[in-house]
């Protein structure tokens, strides 16, 4: 299994609703609103890196209010 963390920049006043929507994705283990350069962090799992890419491009990026995303694949 591949595990990854996705940092999500969200429009003002939308982090809570985006975080709830991200949690509804099947491959998302956890998602939290955070303080810092990004607004939401999600913990994803997939069979391979392509699964992670599909989750980000199909489930997360199309959500209303989502701006920039950064995906970090775990190496350990």
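The values are calculated or read from the model by the stated rules, or taken from the named source; none is laboratory data. Everything numeric here is computed off the predicted structure, so don't read it as measured data. Counting neighbours? That spans all protein chains shown, and the Cβs are built from the backbone with ideal geometry, glycine included.
Selection of segment 1-56 for residues being in contact with a helix residue (DSSP H, G or I) (Cβ under 7 Å, 6 or more places away or on another chain), assigned to a loop (DSSP other than H, G, I, E, B) and either within 14 Å of residue 70 (Cβ to Cβ) or at pLDDT below 95 (or both) yields only 39. Screening 28, 52 for residues that are surrounded by 16 or more Cβ atoms within 10 Å (Cβ to Cβ) and without any contact (Cβ under 8 Å) to a residue 40 or more places away in the chain leaves exactly one candidate, 28. When the residues of segment 57-76 are filtered to those that are over 9 Å from residue 2 (Cα atoms) and part of a loop (DSSP other than H, G, I, E, B), the one that is modelled with the lowest pLDDT is 76. Residue 68 fulfils the conditions (1) without any contact (Cβ under 8 Å) to a residue 12 or more places away in the chain; (2) in contact with a strand residue (DSSP E or B) (Cβ under 8 Å, 6 or more places away or on another chain) except for a single criterion, (1).
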